[in-house]
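The values are calculated or read from the model by the stated rules, or taken from the named source; none is laboratory data. Because the structure is predicted, anything quoted here is derived from the model rather than measured. As a convention, Cβ positions derive from the backbone with ideal geometry for all residues, glycine included, and neighbour counts pool all protein chains shown. Side chains included, ligands, DNA and RNA excluded: accessible areas come from the protein's heavy atoms. Shrake-Rupley method; radii C 1.70, N 1.55, O 1.52, S 1.80 Å.
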Amino acid sequence: MSTDRKAELAANLAEVEARIAAACRAAGRARDEVKLIAITKTFPASDVALLAELGVTDVGENRDQEAGPKAAEVPGLRWHMVGRLQRNKARSVVGWAHEVQSLDSARLVDALAKAVRAARDAQIRDEPLDVLIQASLDDDPERGGCPLDELGALAERVTHTGELRLRGLMAVAPLGADPAAAFERLARAGEALRKDHPNAAEVSAGMSHDLEQAITHGSTCVRVGTALLGGRGLASP
Ligand SMILES: *Cc1c(COP(=O)(O)O)cnc(C)c1O
């Protein structure tokens, strides 16, 4: 059973790897400029363990309640929070996440900084938390993200905490629009951010269906769920 699943995941991973490599080649970029994060939400920890055996190093989840136990079950990986995050989950998230990619409000900056400080005081962690600011490319507050014209102010707030390390930007392409144009806007926002924050070099963009366009437009990190693990069904996020 798990041998079958491992073979299935290996085949999917090989296919995703080939797509990333081809997109990098087409864009004249080196393969190692783009990191793959396996988005394992709704799939069991056993799948995460198999992906780790196949060489996956980075995994992402979108719900704290689900991710915490999984991260505890499969140690040795780098865990990324990529979903909407409520302030009251900050303390729990800093217990398992190495990076939060979905930071999109001043209140969340303050809550995460406070949680990291508490975790350091309690000697639960000794590192600051890496964060990406999630940029809104569709001006739809329901889908999360910071408006592009507010990124600078939010970035300043992040760097002043001392507990959070600003690594770059993340975005989800708008529904029903050309992803290439959206990724281009994100790339320009990233360039502008790096004028004041040269270490904020990460651009997390591209999912199963649009990773090629994202890589063409400068993504340094693709977040792939369906193409690696299969469909999540109708009820899941
Ligand atoms: C679920 C999710 C993904 C992965 O999406 P797929 O289409 O399954 O590859 C990427 N990013 C975020 C923020 C997600 O919630």
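Test ARG167 against the criterion of being within 19 Å of the chain's Cα centre (by Cα) and free of Cβ contacts under 8 Å to residues at least 60 places away in the same chain, and give yes or no.
When the stated conditions are applied, ARG167 does not pass them.
Please enumerate the residues belonging to segment 56-66 that are over 12 Å from the mean Cα position of the chain (by Cα) and either open to solvent by less than 30 Å² (accessible area, probe 1.4 Å) or under 12 Å from LYS6 (Cβ atoms) (or both). Outline the logic, then answer.
Of all residues in segment 56-66, those over 12 Å from the mean Cα position of the chain (by Cα) come to 56-57, 63-66.
VAL56, ASP64 - these are the residues of segment 56-66 that are over 12 Å from the mean Cα position of the chain (by Cα) and either open to solvent by less than 30 Å² (accessible area, probe 1.4 Å) or under 12 Å from LYS6 (Cβ atoms) (or both).
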Residues that are open to solvent by 30 Å² or more (accessible area, probe 1.4 Å): which strands (runs of 3 or more DSSP E) entirely in segment 80-171 hold 1 or more of them? 164-170
Over segment 49-76, the set of residues within 16 Å of the ligand (Cβ to nearest atom), not β-branched (Val, Ile, Thr) and not in a loop (DSSP other than H, G, I, E, B) is LEU51, ASP58, GLY60, GLU61, ASP64, GLN65, GLU66, ALA67, LYS70
Given the residues ASP140, ASP121, which is the only one that is acidic (Asp, Glu) and more than 20 Å from SER204 (Cβ to Cβ)? ASP121
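If I filter segment 193-208 down to residues being closer than 23 Å to GLU156 by Cα and in a loop (DSSP other than H, G, I, E, B), which single residue comes out as nearest to the ligand (Cβ to nearest atom)?
Applying the filter and picking the extreme gives ALA205.
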Segment 209-231, residues that are open to solvent by less than 20 Å² (accessible area, probe 1.4 Å) and either in contact with a Gly (Cβ under 9 Å, 6 or more places away or on another chain) or away from the ligand (no atom under 14 Å from the Cβ) (or both): ALA214, ILE215, SER219, CYS221, VAL222, ARG223, VAL224, GLY225
Among the residues of segment 115-132, are any within 16 Å of the ligand (Cβ to nearest atom), in contact (Cβ under 8 Å) with a residue 60 or more places away in the chain and either within 26 Å of ARG194 (Cβ to Cβ) or touching a Ser or Thr at 6+ places or on another chain (Cβ under 6 Å) (or both)? yes
